[in-house]
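The values are calculated or read from the model by the stated rules, or taken from the named source; none is laboratory data. Every value quoted in this text rests on a predicted model; they were computed, and no experiment measured them. Heads up, the Cβs are rebuilt from the backbone with ideal geometry, glycines too, and the neighbour counts pull from every protein chain shown. Accessible surface areas use protein heavy atoms only, side chains included; no ligands, DNA or RNA. Shrake-Rupley method; radii C 1.70, N 1.55, O 1.52, S 1.80 Å.
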Amino acid sequence: MLKAEENFRRMTEQPVRRLVVQLAIPTIISMLITSFYSMTDTIFVSRLGTTSSAAVGVVYSIMSLIQAIGITLGQGSANTVARLLGEKKRKEADQVFSTAFATSMALGLLFGVIALAFRHNFVRFLGATPTIEDEAVRYASIILIGSPWMTVCYTMNNNLRSEGKAYLGMLGMSGGALLNVVLDPILIFTLGMGIRGAALATVISQFFSFVVLFSHFVQKRSNLTLSFSHIRLKWWIYRSILSVGSPSLIRTLLHTVSAICLNVFSAPFGDGAIAAMSITTRVMQLLNSALIGFGQGLQPVAGFSWGAKRYDRLKEAFLFCVQRGVLVFSGIGFVCFIWAREIMLLFLSDPQVVDIGTTAIRLQCLLMPLSAFNTLSGMVFQSTGHGNASSVLALARQGIFFVPVVAVLPSLMGIGGVQLAQPIADVATFILSLVYILPFMKRLTRLASVG
């Protein structure tokens, strides 16, 4: 109990800027590591050729769907838990977490079974061409076996972050990522397993992460108690999880939709175009994961502050994150813009793939400062229980704006239309984010003055 009280004081009294940075650093590392799983597979599988690289890009959508389950239940329960801990309702926090854990495992298993049963139809739906389909099925068939523990990893990691212990989640995720780097070349090349070896390395590494993360709760390193006796199939729990987690679900599902759209609308320009846009997606996912990790350092502070009615701390934390986020990611975008061609050459030397990918990366890097603002705006709404606003902003970038643009522009501009779709969507989302966040900041100022 003493630990819980100390953690409450830390989350509501420690200087905001220092607290956000302490929480953000391990979370950024965790997010980078999560992205590194798919990045590592892409790098090694690309050595097998353009077709194999494109196949991994197609199956990336399946992994996004697996992540969607874990992240939705993870972020939905984590932000709910943060607010409950802020209100000193520890019993209810334990019930929310245990219920999210069990539900995540069950849904991950169900998804894996259904997707395996229809794997050929599934990969074709995701944009696989006839030349890519067989390789995509080989990769997906193994990845789907690990879906139950993959989903739960995201749920546990997010809840460790919600109580201010993001470093414990980082330990589990980083261990799995390092193992993946070691196993990939051994299984793909030394044992001659090809693309199946890449999938097996990912599944084994994710299971390792699951074991490490689970041990934190078993050995009481967390203030949350994981127990079957705490599982409650109650509407108030699922309503709270889904109302807060739905923006994460929308955001992750729309990443999948955008990936499918990229595959479908790149296909007329050949497998090289699919491979190039798939690699671009991995690179930008890696950069955006650092941004999301930074935002997730904000979320527990925002959740605790909202629950404890410390609106002054909430506003300070958001403004600090926006200032630093825009500045840092402007620099990151500039560096990646300059080195875009060299980044593409890390994966493939095919001239068509390199040219298409270089342009796509540069166009998206130009808008990274706006992406920082968009992401942080959506996440502050999510962590304070404003599910509608967060859902709209999540839906905007990859859905409302992106899908129509990517569906129309390629017929007018060729492959340039595919490359320009995301930057155009980012500008439109920035304008919408301003419409939502400015009134919210005024409201926080008013509430702080009343309090």
Out of segment 380-404, which residues are open to solvent by 50 Å² or more (accessible area, probe 1.4 Å) and outside any helix (DSSP H, G or I)? Phe401
Among residues belonging to segment 297-316 that are of a type in the set (A, V, I, L, M) and buried (at least 24 other Cβ atoms within 10 Å of the Cβ), point out the one that is farthest from the chain's Cα centre (by Cα). Leu314
Taking the criterion of being at pLDDT 80 or above, open to solvent by 10 Å² or more (accessible area, probe 1.4 Å), on the phi < 0 side of the Ramachandran plot and in contact with a Phe, Trp or Tyr (Cβ under 6 Å, 6 or more places away or on another chain), would at least one residue in segment 74-84 satisfy it? no
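Determine whether Ala100 is among the small types (Gly, Ala, Ser), in contact with a Gly (Cβ under 8 Å, 6 or more places away or on another chain), modelled with pLDDT under 90 and crowded, with 23+ Cβ neighbours inside 10 Å.
no
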Any residue in segment 209-233 that is in contact (Cβ under 8 Å) with a residue 12 or more places away in the chain sitting within a Cβ distance under 7 Å of a residue that is open to solvent by 40 Å² or more (accessible area, probe 1.4 Å) and not in a loop (DSSP other than H, G, I, E, B)? List the pairs, counting only those 6 or more apart or interchain. Phe210/Trp149; Val212/Leu171; Asn223/Lys3
Residues in segment 136-155: is at least one touching a Phe, Trp or Tyr at 6+ places or on another chain (Cβ under 6 Å), more than 22 Å from Leu23 (Cα to Cα) and without any contact (Cβ under 8 Å) to a residue 40 or more places away in the chain? no
Among (1) under 20 Å from His255 (Cα atoms); (2) among the hydrophobic types (A, V, I, L, M, F, W, C); (3) crowded, with 18+ Cβ neighbours inside 10 Å; (4) under 23 Å from the mean Cα position of the chain (by Cα) - the single one Ile415 does not satisfy: (4)
What are the residues in segment 162-184 that are under 17 Å from the mean Cα position of the chain (by Cα), farther than 23 Å from Phe44 by Cβ and open to solvent by 10 Å² or more (accessible area, probe 1.4 Å), if any? Met170
For segment 435-451 the number of residues that are assigned to a helix (DSSP H, G or I) and open to solvent by 60 Å² or more (accessible area, probe 1.4 Å) is 10
Taking the stated definitions as given, is Phe217 touching a Phe, Trp or Tyr at 6+ places or on another chain (Cβ under 7 Å), part of a helix (DSSP H, G or I) and under 26 Å from Ile28 (Cα atoms)? no
Being within 22 Å of the chain's Cα centre (by Cα), open to solvent by 20 Å² or more (accessible area, probe 1.4 Å), under 27 Å from Leu444 (Cα atoms) and modelled with pLDDT under 90 is true for just one of Ile292, Ile260. Which residue is that? Ile292
One residue is enough: does segment 329-345 have a residue meeting the conditions closer than 27 Å to Gly245 by Cβ, part of a helix (DSSP H, G or I) and in contact (Cβ under 8 Å) with a residue 24 or more places away in the chain? yes
How do the pairs read when you match residues in segment 167-195 that are under 16 Å from Ser205 (Cα atoms) and in contact (Cβ under 8 Å) with a residue 40 or more places away in the chain with residues anywhere that are of a type in the set (Lys, Arg) and open to solvent by 70 Å² or more (accessible area, probe 1.4 Å), using Cβ under 9 Å and keeping only pairs 6 or more apart or on different chains? Ile188/Arg47; Ile188/Arg196; Ile195/Arg138
From the options Val182, Val152, residue that is out of contact with any helix residue (DSSP H, G or I) (no Cβ under 8 Å at 6 or more places or on another chain) and of a type in the set (A, V, I, L, M): Val182
Would you check which residues across segment 336-351 are over 21 Å from the mean Cα position of the chain (by Cα) and open to solvent by less than 80 Å² (accessible area, probe 1.4 Å) and list them? Phe337, Ala340, Ile343, Met344, Phe347, Leu348, Asp350
How many residues are aliphatic (A, V, I, L, M), buried (at least 21 other Cβ atoms within 10 Å of the Cβ) and within 22 Å of Phe269 (Cβ to Cβ) when one looks only at segment 355-379? 3
Within segment 366-379, restricting to residues that are without any contact (Cβ under 8 Å) to a residue 60 or more places away in the chain and part of a helix (DSSP H, G or I), the one that is nearest to Ile431 (Cα to Cα) is Asn374
Mind checking whether some residue in segment 185-197 is buried (at least 17 other Cβ atoms within 10 Å of the Cβ) and under 20 Å from the mean Cα position of the chain (by Cα)? no
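Sort through Thr42, Thr99, Thr72 and tell me the only one that's of a type in the set (S, T, N, Q) and either farther than 30 Å from Ser229 by Cβ or without any contact (Cβ under 8 Å) to a residue 24 or more places away in the chain (or both).
Thr42
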Kindly establish whether Phe125 is of a type in the set (Phe, Trp, Tyr), modelled with pLDDT of 85 or more, surrounded by fewer than 20 Cβ atoms within 10 Å (Cβ to Cβ) and more than 23 Å from the chain's Cα centre (by Cα). no
Search segment 295-328 for residues being aromatic (Phe, Trp, Tyr) and in contact with a Leu (Cβ under 8 Å, 6 or more places away or on another chain), and hand back the single one that is nearest to Arg90 (Cα to Cα). Phe304
